[in-house]
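The structure under discussion appears below in the form of structure tokens.
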Amino acid sequence: MSADQILSVDHLSMRFGGIVAVNDLSFGAERRKITALIGPNGAGKTTVFNCITGFYKPTSGSMRLAHDDGHTIQLERLNDFRISKQAKVARTFQNIRLFPGMTALENLMVAQHNALMRASGLTLLGLIGAPSWRVAEKAAIDLARTWLERIGLLDRADDAAGNLPYGDQRRLEIARAMCTEPALLCLDEPAAGLNARESAALSELLLSIRANQGTSILLIEHDMSVVMEISDHVVVMDYGVKIAEGTPQHVRDDPRVIAAYLGADEEEAIAVMESGT
Amino acid sequence: MQTSRAPGVAFIFKKALISALVALVLFSLMIGVRTEAGSDGQLTYWTRFGDLAMMVATVFGGSIIVELLRQWWGPVGTVRVVPAQVTSALSLAGRLVAPVLLIFTFLVPVIFYNERYILDLGILVLTYVMLGWGLNVVVGLAGLLDLGYVAFYAVGAYSYALLATNFGLSFWICLPLAGILAAFWGVLLGFPVLRLRGDYLAIVTLAFGEIIRLVLLNWQSVTGGPNGVSGIPRPTMFGIPLSPGDDGLAAKLGIEFSPTHRIVFLFYLILALALLTNWVTIRLRRLPIGRAWEALREDEVACRALGINTTTTKLTAFATGAMFGGLAGAFFATRQGFISPESFTFHESALVLAIVVLGGMGSQLGVALAALAMIGGFELFRGLDQYRMLVFGMAMVLLMIWRPRGLIGHRAPTVFLERNQAISSDLVKEGHG
Amino acid sequence: MDYFAQQLINGLVLGSIYGLIAIGYTMVYGIVGMINFAHGDIFMIGGFIALITFLILVSFGLTAIPLILLIVLLVSMAITALYGWTVERIAYRPLRHSFRLAPMLSAIGMSFVLTNYSQVAQGARVKPVPPIITGGYTLHEGAGGFVVQLSNIQIIVVITTVVLLALFTWLVSSTRLGRDMRACEQDQTMASLLGVDVDRTISMTFVIGAALAAVAGMMYLLYYGLVDFFMGFVAGIKAFTAAVLGGIGSLPGAMLGGLLIGLIETLWSAYFSVEYKDVAAFSILIVVLIFLPTGLLGRPEVEKV
């Protein structure tokens, strides 16, 4: 494995009562690369995500995040909001969690909360309308505008997020995560429910994020065309353990992977075998 | 207009008959029979079949009227086509309501200078407007349910009353102190409820309000117990008393003294406090803290994923709301000159919460209108005497059924690029608290 | 020790009454997911109806106490149940699928209506009744002359509570209605798709809750010998506290919470101060919820991400 890993997960285990959702899992995500975490339903992928992003406290194991400047953070020692604030790990959710009653623009403004809190002097400067706050606010709106443009939603900036079509909501959630300026972006099934064209646009967006922002991406995905097209590295899980890892081509031909998918879902297995060729 | 599907006369009659029958059973003992303890302590009763018959007849008649109205109005949820001119006229009127209301409020002491009753009522309404705006921060913006808001009102009132009567501190020093103390209690309440949701939050806030009231009631040596605190100093206009003496404001201005001066002063004082509350809230909504409150109401998990510290966000919401409650409380104490735990019962909390919900959660204008409607309406029913709370309760039920989402059913965005368009309240979440 | 035993008995009796009211809160919460703020007033109405029925029966010359009690119980349960049904029908059903706060405010409004309705209909003064059930047993006579007593009325309250609880547990676990209720609690839409009459089930929940509250009201009347129009508010808050303490939505939790609140109140009054008994009950509630955010027996809320 390459030494330049932004995230290394070591011997991660997560138990719920008697159920072992993740069992002694180790893998890494390389810097400025797209790593995909795949596996049949119930393999424990989202649980891994929830551990990395601080929503669950893992039973055992360690997760180390290494920033560009060399300082490292043990993620299992931080909880909920600090993962995003201090470790700069952002995430999206399998069942989109936007702020439906706020506009698309407001959603992106909320994402810049911590930066804006500092700029507003913990509200006091903002309350008196200090010039420095006004500058910061304008910069935040500009950043939001840039992202709205990149996801093609500039004309819907002032619409309630809950009113946007499904595909737009997915992209808005990614943009919102990006507005926290993360080092690692974790996407939980970003292509779920998208049609072929929207999936292609999503792939393009993720590749451009990697290229332009240099953000490392970790994604869970069932849509194999997306996985095969954009991933640099694929980790395959089944029943809470890692069964294979490697390049998309390598994984695709791995008999254990095919068996796991065949055992779980024939269609998906066929999709694995056919896609990307 | 009656369509073929509309139920006929027989149906209405049958429905009314069933209602009347239910009413007969319900009222049979409670109204048909009246009990009273006699002079010897022995309980006696007598019958009131006339009243009972009248009530049942009223229900019968009322049921027919309601059913007819329902048919005339059509099925629930019917979308009525409103002409475009009417819609645009309405939206124009909607935009004018706030400024017109504000100008009118400023002019009230001028127009009604000689009508003490109206001035007093105005002060009362404005007090509730301020309380409503304060609670709105907690319930409307942050989506945290607070059934004990009156506790902060009480903390503010007692802070001023006790500081002023025991240490002789002036109103203008005590006012910020009252706000700070109430905010402190807000944080104190906030801590245990951070992890609680929904109805657990409801009962804890309710319990908190009751604890404060019971302590005020029983800690006789400090609070005076049920007798309360009296002789609370009246406010001064920054040190100049509004009294008939030589150092009074009237004497200094060289005008004749009138007790109305003080009422007018109090009116503008509470107006200023309420507008301060409003201004601060509007400013806060456009700041990251305010957006975090609203985001918290929409989705707490997403907030955490975005690095928002939900603990401090909740605590600041409680503290801000409590602070406004405390300021209003200090005003209440100085206006009344006398306070006792009786003024801080659960009914007050329920009333303020009703104002916030009826106003349309999160809407500043809605809260003001709701306060005017509720307090004004309550005053209108003054003549009803003992039936007043009965009518008030019924009005609350009917208003909720009529407008479950409040008078102003949409949310104004805090920032926009091109169009400042309101968001339908159907999309806005209520929060989990 | 004797003093403590006596307070324990008193606390359990009071707790039984709270528990009976708390079941109504918890049932409604379990199925409709709302706090029925008017439930305390339903309890008060139950007490009033029991009182009036009792007066009428006595004035008709009925003297057999057990017969009187039985009739009073049935009449009070029946009429109070109708109150519960009517309240749901008028104030809650139109708001069934509405926003969460609207039914709660409607319930608070309904509570005001009921309180003032009985104030207007029956006057504001406290209504005392002479002790109906007298006598009791001396359990233990201490050396200091302190006597631990168990009165007949206390026995009746506890036995009635236990019997009703058994009946009610059977109803929820083994009858068609109970099954429908549990189904509605899980998923109303699915239940209605499978042929459960959701409206009827919810109505029945209110009816049963009100009937239990009526029993509590009657027990209160027998035990304390008085009713007044304001008693619903305090008892309602206590019972609601009990339901939350036990874990709202859980039936054994409601009973456990009721007993605990009854004990805390009684013991605090006995050993510390009567004035602060409610403060003690509320404070313990807050402390418990800090450590167990869903009460003693409530299902822990799993956060789905």
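The values are calculated or read from the model by the stated rules, or taken from the named source; none is laboratory data. Here the structure is a predicted model, which means the values were calculated and not measured. In this analysis, Cβ positions are derived from the backbone assuming ideal geometry, glycine residues included, and neighbour counts consider all displayed protein chains. The area values use the complete protein model at the heavy-atom level, side chains included, leaving out ligands, DNA and RNA. Shrake-Rupley method; radii C 1.70, N 1.55, O 1.52, S 1.80 Å.
See the values below:
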{"item": "Rel. contact order, % - alpha carbon contacts under 8 angstrom, at least six apart, segment A:75-137", "result": "17 percent"}
{"item": "Computed helical MRE - 222 nm, the protein assembly as shown, DSSP H runs ≥ 4 contributing -39500 (n - 2.57), nearest 500", "result": "-20000 deg cm²/dmol"}
{"item": "Highest-fluctuation residue, B:SER243, B:SER91, B:SER363 considered, GNM on chain B with Cα pairs under 10 Å", "result": "B:SER91"}
{"item": "Contour excess over end-to-end distance, with Cα ends at B:TYR113 and B:ALA272 and 0.36 nm allotted per residue", "result": "55.4 nm"}
{"item": "Debye-sum result for segment A:1-93 in log10 I(q)/I(0), which assumes one identical scatterer on each alpha carbon, at q = 0.11, 0.16, 0.18, 0.25 Å⁻¹", "result": "-0.29, -0.63, -0.81, -1.50"}
{"item": "Two-site label geometry, C:SER174 and B:LEU194: point separation in nm, points 7 Å out along Cα→Cβ", "result": "4.8 nm"}
{"item": "Choice from B:GLY134, B:GLY409, B:GLY224 with maximal GNM fluctuation in chain B (Cα, 10 Å cutoff)", "result": "B:GLY224"}
{"item": "Computed E for A:ASN41/A:ALA211 - FRET, C-beta separation, R0 35 angstrom, nearest 0.05", "result": "0.65"}
{"item": "Loop-resident sites, segment C:1-106, for trypsin sites (Lys or Arg not before Pro), counting at most 16 other Cβ within 10 Å (DSSP)", "result": "C:ARG96"}
{"item": "Around C:ALA191: net Lys/Arg minus Asp/Glu count, Cβ-Cβ under 14 Å", "result": "0"}
{"item": "Label-to-label distance, nm, for residues given as B:PHE238 and A:ASP253 (7 Å Cα→Cβ offset)", "result": "8.6 nm"}
{"item": "Part-to-part distance (alpha-carbon centres) for segment B:260-327 and segment A:1-52, which is given in Å", "result": "41 Å"}
{"item": "Of the DSSP H helices in chain A, those whose Cα atoms cover at least 15 Å axially and whose Kyte score averages 0.0 or more", "result": "A:196-213"}
{"item": "B:VAL301-B:ALA422 FRET efficiency (beta carbon distance; Förster radius 25 Å; 0.05 resolution)", "result": "0.40"}
{"item": "FRET efficiency for B:HIS347 and A:ASP4, using Cβ-Cβ distance with R0 set to 51 Å, rounded to 0.05", "result": "0.20"}
{"item": "C:TYR92, C:TYR271, ranked by accessible area, largest first (probe 1.4 Å)", "result": "C:TYR271, C:TYR92"}
{"item": "Approximate spin-label separation C:ARG93-C:VAL163, in nm, with each point projected 7 Å along Cα-to-Cβ", "result": "3.2 nm"}
{"item": "Mean Kyte hydropathy of 1.0 or more with a Cα span along the axis of at least 20 Å, helices from DSSP in chain B", "result": "B:9-30, B:49-73, B:84-111, B:116-136, B:150-167, B:171-193, B:198-218, B:260-285, B:364-380, B:388-402"}
{"item": "Rounded to 10°, Cα long-axis angle of helix C:251-271 versus longest principal axis of chain C", "result": "40 degrees"}
{"item": "Accessible surface, segment A:150-209, averaged per residue in Å² (probe 1.4 Å)", "result": "32 Å²"}
{"item": "Between helix C:231-246 and chain C: long-axis angle, C-alpha atoms, 0 to 90°, nearest 10", "result": "70 degrees"}
{"item": "Highest-MSF residue in chain B out of B:LEU24, B:LEU131, B:LEU273 [GNM, Cα springs under 10 Å]", "result": "B:LEU24"}
{"item": "Accessible area buried, both sides summed, chains C and B with 1.4 Å probe, Å²", "result": "6200 Å²"}
{"item": "Rounded tilt (10° steps) of C:65-87 against the dominant C-alpha axis of chain C", "result": "30 degrees"}
{"item": "In the A-B interface, the accessible area buried, summed over both sides, Å² (probe 1.4 Å)", "result": "3500 Å²"}
{"item": "Surface share of carbon and sulfur [accessible, 1.4 angstrom probe, percent] for the protein assembly as shown", "result": "64 percent"}
{"item": "Spatial separation of Cα centroids for segment B:118-191 and segment A:120-158, in angstrom", "result": "33 Å"}
{"item": "Within chain B, longest stretch clear of exposed GluC sites (Glu not before Pro) (DSSP loop, no more than 11 other Cβ within 10 Å)", "result": "B:1-255"}
{"item": "Heavy-atom accessible area, 1.4 Å probe, ligands and nucleic acids excluded: residues of segment B:357-373 down by at least 20 Å² from chain alone", "result": "B:VAL357"}
